[in-house]
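Heads up: the structure comes next, in structure tokens.
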Amino acid sequence: MTPSPQDSPALEVSGVSLRLEGKEILCDVSFAVRRGEYLSIVGPNGAGKTSLLRCIDRLLAGATGRIEVFGRPLESYRQKELAKRLSYVPQADGRVSPFTVKQFVLMGRYPYLSPFTSVDRDGRQAVDEAMELTGTGQFAGRRLDTLSGGERQKVYIAAALAQAAEILLLDEPTTFLDYRHQAEIRDVLARVKRASGLTIVCVTHDLNRAALDSDRIVALCGGRVVFSGPPHQIMHTEALERIYQTQFLLVAHPHARLPVIVPESPGEGRPEGPP
């Protein structure tokens, strides 16, 4: 029986390798993301996580292998056409655009605009809905540089949602944020996924959140895939120590049926036996 297009992956990465300035960044990376799935990409610093996202969004050239978006080769998409399928929120770098929140979120509608046209009624509705969903409507008239880091991050996600793409790529969306803003952004992503069936691919260093929030996890180390599977299979000391080359202490989460990582005290030894 021939699978229907609906059964095909939203995103498929096959044998992707990348070298930059003679250094191997990615090597034979392969995985697929189902429609509506939340996939987290984890791994140590320098593992190639951000480079992989940038290859998927065609921001980084020179990779070999194959990337398909909804069954079509990445290179077959025109840029605006691709932007209707993929949106990307990069890691915060401290730079702030000199626009108001509403102006910035409206820019997310660029794939649907032609020269000398403005955002139409449907586009403005998409912007209003994205701002309501992310709780950024209250900042509509404020400049981005007057917002906190957490508030700006929600605005960046609002602009990506206003783009109305079917796959959302996130690079460390909660880095440098306090616990409240981290929780707010996680809640936003959970609501969007439930409401729209959005496919999410998220690079993160937070293994606990990856385990608790994701449907599946891919781990990179040295540019290679060293794990791909459900969260419960990676949250074991043996698996984590193999990836990160350091020791971990895990305890049972009080609500989820998963172990989570806790910090050890200085000089504290590992407990006997598995978690």
Take the conditions surrounded by fewer than 21 Cβ atoms within 10 Å (Cβ to Cβ), farther than 26 Å from residue 81 by Cα and out of contact with any strand residue (DSSP E or B) (no Cβ under 6 Å at 6 or more places or on another chain) and apply them to residue 144. Does it pass?
yes
The lone exception for residue 43 - which of (1) under 30 Å from residue 212 (Cα atoms); (2) modelled with pLDDT of 95 or more; (3) of a type outside the set (A, V, I, L, M, F, W, C); (4) surrounded by fewer than 21 Cβ atoms within 10 Å (Cβ to Cβ) it fails:
(4)
Note on the range 210-227: residues surrounded by 17 or more Cβ atoms within 10 Å (Cβ to Cβ), closer than 21 Å to residue 168 by Cβ and not hydrophobic (A, V, I, L, M, F, W, C) are 213, 214, 216
Any residue in the range 190-209 that is among the aliphatic types (A, V, I, L, M) sitting within a Cβ distance under 8 Å of a residue that is in a loop (DSSP other than H, G, I, E, B) and buried (at least 18 other Cβ atoms within 10 Å of the Cβ)? List the pairs, counting only those 6 or more apart or interchain.
192/198; 198/166; 200/37; 203/172; 207/235
Would you check which residues across the range 81-100 are loosely packed, with under 14 Cβ neighbours inside 10 Å and at pLDDT 95 or above and list them?
81
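Pick out the one residue from 119, 127 that is over 28 Å from residue 211 (Cβ atoms), buried (at least 22 other Cβ atoms within 10 Å of the Cβ) and out of contact with any Pro (no Cβ under 8 Å at 6 or more places or on another chain).
Among 119, 127, only 127 is over 28 Å from residue 211 (Cβ atoms), buried (at least 22 other Cβ atoms within 10 Å of the Cβ) and out of contact with any Pro (no Cβ under 8 Å at 6 or more places or on another chain).
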The residue that is surrounded by the most Cβ atoms within 10 Å (Cβ to Cβ), considering only those in the range 235-267 that are farther than 25 Å from residue 222 by Cβ and in contact with a Pro (Cβ under 8 Å, 6 or more places away or on another chain), is 259
Quick test of your reading of the structure: residue 46 fulfils all but one of (1) part of a loop (DSSP other than H, G, I, E, B); (2) over 19 Å from residue 229 (Cβ atoms); (3) touching a helix residue (DSSP H, G or I) at 6+ places or on another chain (Cβ under 9 Å). Name the failing condition by number.
(3)
In the range 166-196, which residues are surrounded by fewer than 21 Cβ atoms within 10 Å (Cβ to Cβ), in contact with a Phe, Trp or Tyr (Cβ under 7 Å, 6 or more places away or on another chain) and outside any helix (DSSP H, G or I)?
none
Name the residue that is nearest to residue 210 (Cα to Cα), counting only residues in the range 135-178 that are at pLDDT 90 or above and hydroxyl-bearing (Ser, Thr, Tyr).
156
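The values are calculated or read from the model by the stated rules, or taken from the named source; none is laboratory data. These numbers were taken from a predicted model, which means no experiment stands behind them. No Cβ is skipped: glycine too gets one built from the backbone with ideal geometry, and neighbour counts run over all protein chains shown.
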